[in-house]
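Before any comments, here is the structure.
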Amino acid sequence: MSMRRVARRRGFRRHRSSARLGPHTPLAPRPMKPSFIALLFVSAITVGCGDDPPTAPTPRPLYTEMISEVAVQAQSSGCVTFRQEAAGPASASVLGSVPIELGTGTCTSPGAVVGRAARGDLSLLLAVGDHYVRFENPLPATITYRVTLHYLILA
């Protein structure tokens with residue numbers, strides 16, 4: 001029996017190549033192999049990497065704490081300015097049960113009042129920008145108040 005008959009008898013078919021046998025010419029069209037296509041694709045993607053200049057990492061908001069001691073004369077007010085660098089929560093507390101207010105702007109150039117508290121503790125959501133905390137000394141003597149602020153900065 002020839003090889004062809006044995007292959008058919010066992011249920012196998014012999015694959016016939018439709019490609020022309022003979023000397024290979026470089027300009028003859030050939031099908032691309034999947035590995036070559038993958039290499040081309042990866043090369044095209046890799047060429048795009050590194051073309052752009054490196055960028056700085058994206059800053060992320062972090063809470064910071066600032067503690068100030070402010071001497072306030074009798075029956076007047078004290079003020080502390082801070083800068084909220086990311087929108088979000090902020091809190092202010094003044095040691096002693098004194099009225100406080102938190103507003104936009106600075107101590108020397110105040111804007112709108114955002115919130116008030118009668119007992120020295122205040123927590124609010126603030127926009128980005130300059131803010132102040134103002135508090136009153138209702139006593140007939142100069143007092144040094146301790147002001148604690150928690151607010152967002154970018155790091």
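Classify segment 86-134 from the C-alpha gyration tensor, please: rounded if a/c falls under 1.5, else prolate or oblate depending on whether a/b exceeds b/c. Oblate, since a/c reaches 1.5 and b/c is not below a/b. Arranged from fewest to most other beta-carbon atoms within 10 Å of their beta carbon, TYR63, TYR145 become TYR63, TYR145. Considering only the Cα atoms of segment 57-144, their convex hull presents on average a projected area of 5.8 nm². Taking other C-beta atoms within 10 angstrom as a stand-in for reagent exposure, THR104, THR64 fall in the order THR64, THR104, fewest first. Each label was represented as a point 7 Å from its Cα along the Cα-to-Cβ direction; for THR142 and VAL113 these points are 2.7 nm apart.
What is the list of residues in segment 137-153 whose amide nitrogen lies under 20 Å from a point 7 angstrom out from the Cα of SER97, following Cα to Cβ? Correct set: 137-141, 143-148. Rounded to the nearest 20 debye, the dipole size of segment 61-154 about its Cα centre is 120 debye, using +1 on the Cβ of Lys and Arg and -1 on the Cβ of Asp and Glu.
No lab work stands behind these numbers, since they all come straight from the coordinates. These numbers come from a predicted model, not from an experiment. In this analysis, Cβ positions are derived from the backbone assuming ideal geometry, glycine residues included, and neighbour counts consider all displayed protein chains.
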